[in-house]
Amino acid sequence: MDSWYIYNKKQQKKYGPYSQVQIKSFVHNQKIDETCVASNNQKTWYNAQQLEKMLPVTNNIQKIGKFEVIRELGRGGMGVVYHARDTFLNDECAVKFIRLDQMDENTTKRFIREAQSTAKLKHPNIIAVKELNSIVDAQGNHLYYFSMDYIKGLSFGEYIAQDIPLKDKLGAFVAVCRGVAYAHENNIIHRDLKPANIIVAEDGTPIILDFGIARDLDITPNMTKTGDIVGTPRYIAPEVMEGKKATASCDTYALGVILYEILTGFSPFSGENVIEILFQVSHSTPVRPSRVNDKIKKDEDIEVICLKCLEKRPRNRIHSVGFLCEELQCVLDGKPTKTKPPGFMTKNYNWFRKNKLPGTIIGIMLIIIPPYLFILNNTLDEQKRALQEKQQAIEQQNIAMEEQRRFKVKSSFENYDKVANDKLMQFYEKFSSAKGIHSILGEMKGQYEGLEERIEDKKYHSILVNEKQNIQNFFNSTQKIIRYFLLPSLPKITSKIELTGVKDIYQIGMSTNNDIALISKARQLYMMHSGNNIPQQNIHMLSQKKIVGTCNRFCFSNNGRYLAAFFLKPIPEEEKSEQRLLIYDMHAKQVIKSDAVWMAMVDGKFSPNGRYFAYSSLEKGPSLWDLYSDKPAKEICKKRQGNKAKHFEFSSSGKYVSFHVQNDGYYVYDIQKKHTRKLAHYLNNVYPVWRKDQLFIYSNTRLERYDLQVQEPHTYSFTPNCMEGLASGAVSFDGKKFLWGTEEGTLNYVSLVSKNKANVISAQQAFSKINKIAFLNEHFFFTLDGENHFYLRDLLSRQAIYHQPNVYYARYDEQRNEIIVVVQKKQKFYLERWRVPYTLRQLLLPNRKTENAYKLVTKLAVDEKLVSSHPALFVKKGKEIKAVILSWHKALSIWQKKENTFANSLTFSPLLDLRDIKLSHDDEWLVILAHHKRLRKQYVIKIHCDNLAQLDLQNSDKIIDGALVNGQVVNEWVNNPTKKEIRCVALSPNNDLYVSYSNEIWKYTAGKIRKLAKCSRTIRVLCTQPEKGLMIAGQEKNFFSILDANGRTLYTARLEESENVFEIAAWCPQNEQQQAMCAIAGKDGHLYLVYEGKNGRWQHHSISLPGKKYQLSFSPNGKMLAVFTSRDTYLYSIDTQSNFPIFSGYHKNNGGNFCRDWQYAVFPTAKARVFIFDLHKLSFANFANYFSDTPVSGENLWVNRVKNKFSKLMQEQQNK
């Protein structure tokens, strides 16, 4: 057969028919990739590698002169471009030949001019021309060509269509503008700038191509006649449409069109044909980008620049591309621009110029209306005075009642300070119980709104002034709880649509094409549609007709084309009902299959590609329907014909389907081989889970893996601890962890720890039967139980991150990284999209070398939590993270940012123990203290943070090597009978090095080392303060000392008689109004706050927090202290002396930390991975849906509104 078809597995679409010659061409030109297969009988499908063997392409390489043509890249009106190999240079290149059918004198001159124009431009963002030459063919024609570098990459259109940050797109666009500006400086205008003529190389560099219609202003002859229109319609400047001469301003206009496409995703002008597009370019005004993209604000700098480039008149545009580069760079750097939006007069002038008739009418109205308004105003004033007199009488009657209420309310203000402190742990306890986050927010909202009523009532102002400090503490405490405790757990609601008309729900589901099916509690099936993209308006019912009768269950195919529904159809003449299965084609909008099924067996499943549907037929028992053919359902368990079956599950490849035959056992049907195999005799409730083409069956007492190529199952041993029936299951993406939910709400966490052993942990984690389990990634999953409770959980901590009741449907959209849910709120149903965890900025993954080293280190450790020996460190340049450093006992795992990704490297030495690691205050230098156990020596390495990739613990240059400092012997360190050691290091504000040598502090500066101070006991931690150069030295035996920059001791204390050893310390950022403050903690878990009193004397007090302390971090304003412990991470309020946990539910290994400006948080997790949380996102405006039912600005949310009103009132009272 010569009729071939191509099937795209990703799009799930079929194309054809094609001839065999065309298929050969597709294979040769690599147009059939890994997502496509081809067939000549639509039964057997072949991939690209198989097609190359079946349809060998003759090795007839086209050769033109010295070039061997690999493939054609494109052709235009003047030339054709090939990907070729230069046989002389043995190098791949792109070569452009003039087309023979278009070759005349004018075309040849233009072709040569393109090569010459491009060749004179030497710029990294402009394609480089290697050679201009000609070949004489057999007819004696000179076939001109020029060769260029061959660039692999994406077109600029494909690049900006990717889901990457707008800042990255603008950065690439600025590079394009620099190339165009360079061309203009050399008197070359491109005249055909468009995304198709720009390619983004694999390293991210944009390259401008195709100077085919470019004009060299230095050359007098003009190849284009006056009135000729050259270029692509959507990117042609309006003056060129009028036949005027093209100038550099035309390129500015084209760049404005490209910038508009970056900001909005489509062109400012479109039409069904070229004439319509040209008309719009000449006469229409583009829609503001801010009206299309809600992330861009009206009259934002980038919008003003874009619209300025698109001005119709050249003199109104940005005057040069060079200036455009400067303005765009200001936008990227967050600096003010010189381009401003049009003023009031300009806007009105432009409107009247375009709308002459309406403008005339408005002018006439401005003359007539003022006298009429004057008369109307006098009448309204009289009515207003009468109304005011009546209101005054009513107010007098209410004064007595208000006075009585005032005294009742006064007592509530006196307790705000107590509420601010006592509520903290109450909120945490409520979050851990069934009430959840929304209950906490509801209580807070009630307290805020009650306070708002009193702020707006003048009679309570004097009481508010007296209780000012208590109320301010209340605001500070509750808002910190919301920001750091509640918001990290909340999902970001990216869209919210009311399902209008929905009264109740029995079952609801949504296809991948956004079709919605709903069964009401009356068992009626309804169909709805929300469009290709979920719109921002309500969804209305499209149909409410009954198809057959009472509907009990339905399911969609993965491709969204088919809907399978089980209906109970009454048969009046026989006085009974019949259960029927209907397959509904959503595209054709009709029922295509129908069959009778067992009354109690309303169970079935579509294959992953949507081709097959497995179910239990009344007549044939377990059956399989091929929806691509007209054949009836095929029985797949002949030996048990007529038996009832359920629990149909397809393997991920779609090759196999498993099912459970009632009172018999589990079977697997091989769809390709058409063979059925019995696996096991299970009578109790089990739930099989497929991992690729292996079936795992967990029955509470045993775990078996069935490899269908092997006869006998593989059994994993474990200790059973839960005997409940199973209802759902899922496998993680790495295939090593399984989850099974039970009928009673228990989750079984199953891990494959070795070839024959599994580890099972069971926990009661739902209110009732767990109906659904779905993984988001290897770290997070969600469950949905029978009482419609949704839980988002961390797989490693097994704790709930977020809980939402009244969720009737949940599905993970992997492409958009969002969860689609149907949730009931205040008796209304909404279709929402959630992004969770929203604050998680990035998951840093280790490379293979790091993974292997981590496995080695964890084998030596008793607990994986003991692996991280020091807090993770951030290296920042401005606002951007440049590196993250994770320290183990014997290794440093370093992630350095390269463009938009983080590259991981590892330095590891089994002979060394890392004792201390410190980063300089300016993030420029890293100091590492390592101890060699065998040689009993200490090494100190100081390395610049730009050179972290070259760090080698074993071989890097060392400032201190035992008793040698910069190669010079320190005599006091040579004779060491008491075996003194360096225990810790620190860096001064100017990056001098401090080291502790037993109970002494030594300072290394300018290549020399000297003793600076001596303390009472062996020093175990040093920490410096950048503002005043103070230093705290934590020592053994519970001693610590405060020293100045010269080593003079300002304060020494032994807190209590104990063997405690101080190990960590942190200084609070200090301004001119604040006194110095620091925190210090030791091995025994005691934490102390040390501060300088107003009289200059130092004081301290203890802070009670559970667990061993691993890191301390003060907030930039010095009002909060983050404490990272072995139990959890806590925030301690300096003002109210209260604390609460943060980032609850997330798995956090030791080594967590905040960066200095508290914009990012890092938490190491399992397998040498690191979570980076973006604390920028913890703003109330990002979670406005939780604070208001209607869209409002951030300032108008109750959490901000009431506080601002109180601050304004206090300011007014102070001014009085």
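Numbers below:
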quantity: Any chance Glu72 is modelled with pLDDT under 85, under 40 Å from the mean Cα position of the chain (by Cα) and of a type in the set (Asp, Glu); calculated: yes
quantity: Flag for Glu778 being free of Cβ contacts under 8 Å to residues at least 24 places away in the same chain and either within 20 Å of Asn1149 (Cβ to Cβ) or acidic (Asp, Glu) (or both); calculated: no
quantity: Strands (runs of 3 or more DSSP E) fully within region 453-530 counting 2 or more residues that are under 24 Å from Gly442 (Cβ atoms), out of contact with any Phe, Trp or Tyr (no Cβ under 6 Å at 6 or more places or on another chain) and polar (S, T, N, Q); calculated: 492-498
quantity: Selection status of Ser905, assigned to a strand (DSSP E or B), outside the structural domain of Gly334 (by TED's automatic domain parsing), of a type in the set (S, T, N, Q) and buried (at least 20 other Cβ atoms within 10 Å of the Cβ); calculated: no
quantity: Where Gly1034 falls short, out of the listed (1) part of a loop (DSSP other than H, G, I, E, B); (2) buried (at least 18 other Cβ atoms within 10 Å of the Cβ); (3) small (Gly, Ala, Ser); calculated: (1)
quantity: Qualifying residues in region 779-790 (those that are assigned to a strand (DSSP E or B) and surrounded by fewer than 23 Cβ atoms within 10 Å (Cβ to Cβ)) - the one farthest from the chain's Cα centre (by Cα); calculated: Asp785
quantity: Residue in region 836-857 that is of a type in the set (D, E, K, R), assigned to a strand (DSSP E or B), modelled with pLDDT of 90 or more and over 25 Å from Phe767 (Cβ atoms) present; calculated: no
quantity: Which numbered condition His1176 fails, given (1) of a type outside the set (A, V, I, L, M, F, W, C); (2) farther than 23 Å from Glu452 by Cβ; (3) touching a residue at least 40 places away in the same chain (Cβ under 8 Å); calculated: (3)
quantity: Options Phe648, Phe659; residue that is closer than 30 Å to His789 by Cβ and over 37 Å from the mean Cα position of the chain (by Cα); calculated: Phe659
quantity: Residue in region 916-938 that is assigned to a helix (DSSP H, G or I), surrounded by fewer than 15 Cβ atoms within 10 Å (Cβ to Cβ) and either among the polar types (S, T, N, Q) or over 40 Å from the mean Cα position of the chain (by Cα) (or both) present; calculated: no
quantity: Whichever residue in region 276-296 is among the polar types (S, T, N, Q) and out of contact with any Asp or Glu (no Cβ under 6 Å at 6 or more places or on another chain) and, among such residues, is farthest from Lys244 (Cα to Cα); calculated: Asn293
quantity: Residue in region 761-778 that is surrounded by the most Cβ atoms within 10 Å (Cβ to Cβ), counting only those that are touching a Ser or Thr at 6+ places or on another chain (Cβ under 7 Å) and of a type in the set (Val, Ile, Thr); calculated: Ile770
quantity: Hits in region 939-962 - residues which are assigned to a loop (DSSP other than H, G, I, E, B) and out of contact with any strand residue (DSSP E or B) (no Cβ under 6 Å at 6 or more places or on another chain); calculated: Gln954, Asn955, Asp957
quantity: The lone exception for Trp1158 - which of (1) at negative phi; (2) modelled with pLDDT of 85 or more it fails; calculated: (1)
quantity: Single residue of Arg811, Arg816 found to be part of a loop (DSSP other than H, G, I, E, B), of a type outside the set (Phe, Trp, Tyr), under 21 Å from the mean Cα position of the chain (by Cα) and surrounded by fewer than 20 Cβ atoms within 10 Å (Cβ to Cβ); calculated: Arg816
quantity: Matching residues, region 749-760, being touching a residue at least 12 places away in the same chain (Cβ under 8 Å), of a type outside the set (A, V, I, L, M) and out of contact with any Ser or Thr (no Cβ under 7 Å at 6 or more places or on another chain); calculated: Tyr749, Ser751
quantity: Residue satisfying condition, being free of Cβ contacts under 8 Å to residues at least 60 places away in the same chain, within 30 Å of Leu1055 (Cβ to Cβ) and in a loop (DSSP other than H, G, I, E, B), within set Gly1151, Gly1118; calculated: Gly1118
quantity: Count of region 578-591 residues which are out of contact with any Leu (no Cβ under 7 Å at 6 or more places or on another chain) and either in contact (Cβ under 8 Å) with a residue 60 or more places away in the chain or not in a loop (DSSP other than H, G, I, E, B) (or both); calculated: 6
quantity: Residues of region 1048-1068 satisfying the condition of being modelled with pLDDT of 90 or more, in a loop (DSSP other than H, G, I, E, B) and either in contact with a Ser or Thr (Cβ under 8 Å, 6 or more places away or on another chain) or buried (at least 16 other Cβ atoms within 10 Å of the Cβ) (or both); calculated: Cys1068
quantity: Count of region 78-101 residues which are among the basic types (Lys, Arg) and over 20 Å from Leu209 (Cβ atoms); calculated: 0
quantity: Some residue of region 657-668 being part of a loop (DSSP other than H, G, I, E, B) and either of a type in the set (A, V, I, L, M) or closer than 26 Å to Phe782 by Cα (or both); calculated: no
quantity: Verdict on Tyr182 being in contact with a His (Cβ under 6 Å, 6 or more places away or on another chain) and either at pLDDT 90 or above or over 17 Å from Asp251 (Cα atoms) (or both); calculated: yes
quantity: Subset of region 700-724 (residues that are within 38 Å of the chain's Cα centre (by Cα) and either of a type in the set (Phe, Trp, Tyr) or at pLDDT 80 or above (or both)); calculated: Leu703, Glu704, Arg705, Tyr706, Asp707, Tyr716, Phe718
quantity: Test result for Lys678, more than 42 Å from the chain's Cα centre (by Cα) and assigned to a strand (DSSP E or B); calculated: yes
quantity: In region 592-633, the residues that are basic (Lys, Arg) and assigned to a loop (DSSP other than H, G, I, E, B); calculated: Arg611, Lys620, Lys631
quantity: Yes/no for Gly642 being under 24 Å from Ser617 (Cα atoms), part of a loop (DSSP other than H, G, I, E, B) and modelled with pLDDT of 90 or more; calculated: no
quantity: Among residues of region 1013-1029, those that are surrounded by fewer than 20 Cβ atoms within 10 Å (Cβ to Cβ) and not basic (Lys, Arg), counted; calculated: 5
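Table: residues versus (1) in a helix (DSSP H, G or I); (2) modelled with pLDDT of 90 or more.
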{"residue": "Leu193", "(1), (2)": "no, yes"}
{"residue": "Asp203", "(1), (2)": "no, no"}
{"residue": "Ser249", "(1), (2)": "yes, yes"}
{"residue": "Tyr253", "(1), (2)": "yes, yes"}
{"residue": "Gly256", "(1), (2)": "yes, yes"}
{"residue": "Phe266", "(1), (2)": "no, no"}
{"residue": "Ser282", "(1), (2)": "yes, no"}
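The values are calculated or read from the model by the stated rules, or taken from the named source; none is laboratory data. Just so it is clear, the model here is predicted, and its values are computed rather than measured. Methodologically, a virtual Cβ is constructed for each residue, glycine included, from the backbone with ideal geometry; neighbour enumeration extends over all protein chains shown.
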